[in-house]
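The values are calculated or read from the model by the stated rules, or taken from the named source; none is laboratory data. Being a predicted model, the structure only gives us computed values, none of them experimental. With ideal geometry, Cβ positions are generated from the backbone for all residues, glycine too; neighbour counts draw on all protein chains shown. Areas reflect the complete protein model, heavy atoms only, side chains present, ligands, DNA and RNA absent. Shrake-Rupley method; radii C 1.70, N 1.55, O 1.52, S 1.80 Å.
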Amino acid sequence: MDWLFLVGTAAFSVSGYLLGVKKRFDMLGVLIVALLTAIGGGVIRDVLLNRIPIIFFDASSVWVICAALLASWAVSLHKVYGATMHRVFIVADSVGLIAFSLAGADLGIDYGFNLFGVLFVGFVTAIGGGIVRDMMVNDVPFILHKDVYGTVSILVAGLLYAAHGQGWQGPAVVWGLFSLGLAIRLVAHWRDFRLPQV
Amino acid sequence: MDWLFLVGTAAFSVSGYLLGVKKRFDMLGVLIVALLTAIGGGVIRDVLLNRIPIIFFDASSVWVICAALLASWAVSLHKVYGATMHRVFIVADSVGLIAFSLAGADLGIDYGFNLFGVLFVGFVTAIGGGIVRDMMVNDVPFILHKDVYGTVSILVAGLLYAAHGQGWQGPAVVWGLFSLGLAIRLVAHWRDFRLPQV
Amino acid sequence: MDWLFLVGTAAFSVSGYLLGVKKRFDMLGVLIVALLTAIGGGVIRDVLLNRIPIIFFDASSVWVICAALLASWAVSLHKVYGATMHRVFIVADSVGLIAFSLAGADLGIDYGFNLFGVLFVGFVTAIGGGIVRDMMVNDVPFILHKDVYGTVSILVAGLLYAAHGQGWQGPAVVWGLFSLGLAIRLVAHWRDFRLPQV
């Protein structure tokens, strides 16, 4: 699971970086938006699990974020324009979404939560950072009106819970669900698939 | 107190449902807005009380919410237009407000908080979900500029605290305060009564 | 450190009062905005430190806030217009910012957090209330695009951490850093100094 968490952290750093650049924030603003996106969900998760955020004692995620931001800056990701930038943003954001949903759901299973608790912790870990970020930059959080963003988070967390109930565990299950979730999310985005309105 | 909590949960589900429909969110968006409105305050309350949210172990509130949403959908509440819809929204929201204020304040009293703590926990339980909801859909939370919304929450919580100090407890006190609060809120709304500006 | 906390609480009450008046909220709205600004950061800090907010047991901050609000009202601070009002707001907000950053960072050091944790707790204590306030009134939190607001918080917290590592402690260090931070913040504001954009 630790690899999953690192992958998600790096991916959300990149998506936060792109959003901050697009909104024309100053350097600290970009750094904060990237940090919030990458660690916000994890801090909220730790608060819900009633423990002091791990990152206050073990700063390894911060190094991952800094490395991802430096790499983004080094390859001049902020100079990529228009459609390409949007595509990079969507892929990075989707990778972070699925990775954090699975990592969060796994923690919820460890804590012995019911299905609702597992889905909630996976959802909050994956989407908490992004929602705080979107609220701060004053967008309607895009989970509320775009694609099948939240649905995919709930779907992979639910499948992980079901698999656990069947006694299926281990890296193969996790990476299988990761690939499945990512495929669904990206196909749904490019086909502009939406859930029906009530 | 448990009945109070169920009543509040059902009422806030309905108000969240109506808001999500009005904002034209997709089905998951409506579900999330309704869930946030109905359980957001309770989760924030549990975080403040330094415990893991009860709903992660005991999902009975989720069933109440699902039942309320199904009922709303079954009676086609989303097809009611204009003034009637607004009226249903205000009544449901007011019931949730008063019920959750009293349930939260009661918990604060159990924890031995001072008056400020009791008012705060009642307020957050009642209004936390709605504020998160309003911030997510990018409205100025309407507690800040409408009617006597927050005042009523503080009033009933303060009266419950005072009654407790006098040794008055039990269902009669609670339902008396519930009726009083609901009456004040609805009369204030229809008379368009507002607190004076500074 | 307690004096620092009281100074910050009073300063943020005044800045919240001015913001609420400027936005034309009713009396309760002004009170809530002032309370959130003054205690929001502290409550979020206590949640992160995994403890029940101290203010629920010890209400002394509430009296400080009420006194600051009454004093603001008594000297008719809400009738001061335009540039002068803005100047009072900036000074009060800056005093609160620096005082809370140092008080928060000091707590993080006591808890044995790493540098990131100390900066984060200082930052959240200082800025949490303001961010919640700005999000509630639907502004883009001004830390994200103005002056060197957040930078100063991080700077003084980092210097306090470094000083602690050197064994330098006590009031002289704290008040020295307080003066330094306030000077940087105010000079930066009036010179309209900004961090470079990426």
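List of remarks:
- In terms of its C-alpha gyration tensor, region A:2-190 comes out prolate, because a/c is 1.5 or above and the ratio a/b outweighs b/c.
- Note on chain B: helix-only mean residue ellipticity at 222 nm, from DSSP H runs of 4+ residues weighted -39500 (n - 2.57) and normalised by residue number, equals -25500 deg cm²/dmol.
- Enclosing the Cα atoms of the protein assembly as shown in their convex hull gives a volume equal to 159 cubic angstrom per residue.
- To put it simply, the accessible area of region A:2-190 at a 1.4 Å probe is 71 percent carbon and sulfur.
- Put simply, chains C and B cover up around 2500 Å² of each other's accessible surface, both sides summed, when a 1.4 Å probe is used.
- Region B:27-98 and region A:86-121: distance between their alpha carbon centers, rounded to Å: 23
- Label sites at A:Phe57 and C:Met85, each approximated as a point 7 angstrom past Cα along Cα to Cβ, lie 4.9 nm apart.
- Label distances, nm, A:Gly176 versus same residue in remaining copies, Cβ-directed 7 Å point: 6.3, 6.3
- Along the axis of the charge dipole computed for region C:1-99 (Cβ charges of +1 for Lys and Arg, -1 for Asp and Glu, origin at the Cα centre), the listed residues C:Thr37, C:Ser76, C:Val62 are led at the positive end by C:Ser76.
- Lys, Arg +1 and Asp, Glu -1 on Cβ, resulting dipole of the protein assembly as shown about Cα centre, debye, nearest 20: 1580
- Using θ = phi - 60° in the Karplus curve 6.51 cos²θ - 1.76 cosθ + 1.60, the 3J(HN,Hα) couplings for region A:55-67 round to 5, 6, 10, 10, 8, 4, 4, 4, 5, 4, 4, 4, 4 Hz; x is entered for Gly and Pro.
- Taking the Cα centre of region A:1-104 as reference, the dipole from Cβ charges on Lys and Arg (+1) and Asp and Glu (-1) amounts to some 360 debye.
- Taken residue by residue and averaged, Cβ atoms of other chains lying within 10 Å of the Cβ of A:114-127 number 3.
- Net dipole in debye of chain A [+1 Lys, Arg Cβ; -1 Asp, Glu Cβ; about Cα centre; nearest 20]: 540
- In region A:43-72, the residues whose accessible area drops by at least 40 square angstrom when the other protein chains are added to the isolated chain are A:Val47, A:Leu48, A:Asn50, A:Ile52, A:Phe56, A:Phe57; the probe is 1.4 Å and only protein heavy atoms count.
- Per-residue Karplus couplings for region A:119-131, computed as 6.51 cos²θ - 1.76 cosθ + 1.60 with θ equal to phi - 60°, are listed in order as 4, 5, 5, x, 4, 5, 4, 6, 10, x, x, x, 5 Hz, Gly and Pro entered as x.
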